[in-house]
1. When the chain is fully extended, how far beyond the present Cα-Cα distance does Ala235 get from Gln194, taking 0.36 nm per residue of separation?
2. ³J(HN,Hα) across segment 74-86 via Karplus (A = 6.51, B = -1.76, C = 1.60, θ = phi - 60°), whole Hz, x for Gly/Pro?
3. Using 0.36 nm times the number of residues separating Gln103 and Glu243, minus their current alpha carbon distance, what extension gain do you get?
4. Between the DSSP loop rule and a limit of at most 16 other Cβ atoms within 10 Å, which trypsin sites (Lys or Arg not before Pro) in segment 133-221 are left?
5. With the Cα gyration tensor of segment 193-235 giving a ≥ b ≥ c as the square roots of its eigenvalues, does the rule (a/c under 1.5 for rounded; else a/b larger than b/c for prolate; else oblate) give rounded, prolate or oblate?
6. When 1/r is averaged over all different Cα pairs and the result inverted, which Kirkwood radius in Å belongs to segment 55-260?
7. Quick one: which residues, 5+ away or cross-chain, put their amide H under 5 Å from the amide H of Val258? H built at 1.01 Å from N.
Amino acid sequence: MSPRAKGAGGRNALGLALIALAVIVLGGLGGAAFMLRPPPTDPDTLCRTDAPLAAHTIILVDATDRLEPRHRRKLRAVLAQERARLAQYDRLTIMRINVRRPQEPSILFSKCLPRPPEQTNPLFENARMTRERWEQDFAGALDGALRSAASAGPARASPIVAALRAVAADPDYDPSISRRRLVLVSDLLEHDPQGYSLYVSGANYAAWRERSPVGPPDFSGVDLRIVPIDRPDHAERQAAALERFWPAFLSAASVQTVSTDPAP
């Protein structure tokens, strides 16, 4: 074989090798890009549609009576703390007790936390814009909760138990979710003018149970955080409620764990 033929054969072999290498590299990049594609999500909640929800935190705010500045500072801190606990695609819901419709707490915010921009593929999504929109919506919900808490006057009722029933019945908070967390921000003074009230002397769980044949909601597997709102004018009633009503109520509701923040 002539030297020219040998040279041509060598160049052809080198060219084929380079082409094969390029195919491998491009295939690898394509595979990596495919792996980095974001999972499909619901446009409203930003929750994944290809996998069940893994974790859901509900913050239930009792603003049936006015929250003082110290209470509102506490509420802001609590929401920031719970927001910081979220992992990717965990869902956070902020609800406010609704006196007019106790069975339907007002939903101020309910979305899953999107992935951070540094972990996403810009070829498939504008992760920074998505994250910024989530943060803006969260901040707006926080401001809305604080405004309503600041403007509320003494309410004719404080239907805490009815709101807890609504939380337990929420289809987005069912027991199939592996991690469920509930944060109750309240003075814990249940009051129904037509029914049971913790403002009555001697009120306890047994008395409530006699009036409520249905019993407490089922919170099996739920981790509960209680954030008490102090009411200096009703400090004795609050202490009695924490001793004689809520421990028995939560035990009957099968709450998994209970932690109580110190009073403001």
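FYI, it's all coordinate maths here, none of it is from the lab. Given the structure is predicted, the values throughout are model-derived calculations rather than measurements. All Cβ positions, even for glycine, are placed from backbone atoms using ideal geometry, and neighbour counts span all protein chains on display.
1. Working: separation 41, 0.36 × 41 = 14.76 nm, distance 2.33 nm.
Gain in length upon complete extension: 12.4 nm.
2. Whole-Hz 3J(HN,Hα) from phi for segment 74-86: 5, 4, 4, 5, 5, 5, 5, 5, 5, 5, 5, 7, 5.
3. Numbers: separation 140, 0.36 × 140 = 50.40 nm, distance 2.59 nm.
Gain on extension, Gln103 to Glu243, equals 47.8 nm.
4. On the way: sites: Arg133, Arg147, Arg156, Arg165, Arg179, Arg180, Arg181, Arg209, Arg211; in loops: Arg156.
Taking segment 133-221 and a limit of 16 other Cβ atoms within 10 Å, the loop trypsin sites (Lys or Arg not before Pro) found are Arg156.
5. Numbers: a/c = 2.69, a/b = 1.07, b/c = 2.50.
It comes out oblate by the Cα gyration axes.
6. Working: mean 1/r = 0.0559 Å⁻¹.
In segment 55-260 this quantity evaluates to 17.9 Å.
7. Under 5 Å from the amide H of Val258 lie the amide H atoms of Leu224, each far enough along the sequence or on another chain.
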